[in-house]
Every structure is written in C-alpha cells, then in structure tokens.
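Structure first, then comments.
The values are calculated or read from the model by the stated rules, or taken from the named source; none is laboratory data. The structure presented is a predicted model; accordingly, all values stated were derived computationally and were not measured. Note: ideal-geometry Cβ built from the backbone for every residue, glycine included; neighbour counts use all protein chains shown. What goes into the accessible areas is simple: the full protein's heavy atoms, side chains included, and nothing from ligands, DNA or RNA. Shrake-Rupley method; radii C 1.70, N 1.55, O 1.52, S 1.80 Å.
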Amino acid sequence: MAADRSRPGGAAFKALAIERRILPQRVYRGALGGLRRFFPLGLPIALDTERAVFVYAEPGHETATALRSWGAKHGDLWKALWDLGLKTEVVAVIRRWKEYGRTSTVLAAWSRYPRPSEIDEETRRDLARIEQAIIGGDVRTLDEYGGLQAAMKRAVALEKRTRRRAGRGLMERAAMWRTVRLAGARFPWEA
C-alpha cells in the first residue's frame, strides 16, 4: 500500500466527488514501501464553477511522447469534468517554435476525442417519427417531409448533425503559449 501525498488540486476534485482513482498519479517505490502522488508533475490547474484549465509545460524533447502520456493520464478526469458540465481547457507552454507543430497536432487530436452524444429531445422525436413512418409505410407523414427520399435525407442530415456535436471532444479549448522563461528550466521528469 502506497502512502498518499496529494497536491492542492486534489482537494478541489474531491469536493466535486470525483473519484481519486481517476486522478493522474504516480507511485514512487522506496525504502518506506511506496509513495503515491496525485498530479505528480505539479503543473498548474485552475478550477472554478464553470471550467477547469490545465497547463502543460513542454520539456523540449524531440517527440510528443511526454505530452501524450500526460494527456492519457488526464483523460478520465477530463471526461468526469465533462460529465459534471464543466468545460475543460488545456494550455501547452512551449520553449521553442520547433515544438509548435507536434504540440498543436496532439492538442487538435485531443479536441476530437469522442464525448457522450447529446441528442436534443426535438431531434430525437423527429428521427423516431421518420423511422416509424418509413417502417410503417405512413405516406401522410412522409409527405410532410416531401416524400420518402426527402424524409430519408432529413434523417441522414439530423444524424450527421448529432455526430458532429457528439464528436467535439472532451476539451472545450486548447491553446499554446510560447515563453522564454522555460529556457533552461529543469522539469521533474528530467531530474
């Protein structure tokens, strides 16, 4: 059993009833058996009643492996925040412009992660009505849509719109900042 050392952000997520098991964590093995740290990189997090902002400091490696690993450790937390109705934002801070391309590619991919589908009640009723009219051969209802072909096109358009909305991603916004203040900084994973 590992001892628990939480960073300040852990208490805020606990207050939201987010399970500790989905928080980013790392277990350090040592003479005392083990030490579990939540949010082990200690990077800034801002949380209010509407959104959570996570900051990632790009270490300047030649690949995006560290960024992808960091994101993978936060994915379940981002989904839990989305389920609570909070917007999630990620700000990646880079040192050099050469890191811009790979970092922006990863952030764009994260913003396309599928999130739970949101079909509004009106769309749900419209799709069900069209489906029932087609299955039951209800010519009167189909005529309201302009006939069978028009009703089918309407159903396809509604489904596409629903998929577009559902596929916006777990992140509301991703941004990148460049700063020279990171130049020469030592990161915990470089020590």
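Quick rundown of the values:
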item: Residue satisfying condition, being among the small types (Gly, Ala, Ser), open to solvent by less than 10 Å² (accessible area, probe 1.4 Å) and closer than 16 Å to Ala174 by Cα, within set Ala133, Ala72, Ala92, Ala109; result: Ala92
item: Whichever residue in the range 17-41 is farther than 17 Å from Lys79 by Cα and hydrophobic (A, V, I, L, M, F, W, C) and, among such residues, is least open to solvent (accessible area, probe 1.4 Å); result: Phe38
item: Breaking point among (1) modelled with pLDDT of 70 or more; (2) at negative phi, for Gly167; result: (1)
item: Every pair of residues 6+ apart whose Cβ atoms lie under 8 Å, when the first sits in the range 86-99 and is at negative phi and touching a residue at least 60 places away in the same chain (Cβ under 8 Å) while the second is among the polar types (S, T, N, Q) and surrounded by 17 or more Cβ atoms within 10 Å (Cβ to Cβ); result: Ala92/Thr103; Ile94/Thr103
item: Condition check for Glu58: within 14 Å of the chain's Cα centre (by Cα), of a type in the set (D, E, K, R) and open to solvent by less than 40 Å² (accessible area, probe 1.4 Å); result: no
item: The one condition in (1) at pLDDT 85 or above; (2) under 19 Å from the mean Cα position of the chain (by Cα) that Asp83 fails to fulfil; result: (1)
item: Members of the range 40-68 found to be among the aliphatic types (A, V, I, L, M) and within 13 Å of Val90 (Cα to Cα), listed by number; result: Leu43, Ile45, Ala46, Leu47, Ala52, Val53, Val55, Ala57, Leu67
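Here's the yes/no breakdown for (1) at pLDDT 85 or above; (2) outside any helix (DSSP H, G or I); (3) open to solvent by less than 50 Å² (accessible area, probe 1.4 Å):
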| site | (1), (2), (3) |
| --- | --- |
| Asp143 | yes, no, no |
| Met152 | yes, no, no |
| Ala155 | yes, no, yes |
| Met171 | no, yes, yes |
| Ala175 | no, yes, yes |
| Ala185 | no, yes, yes |
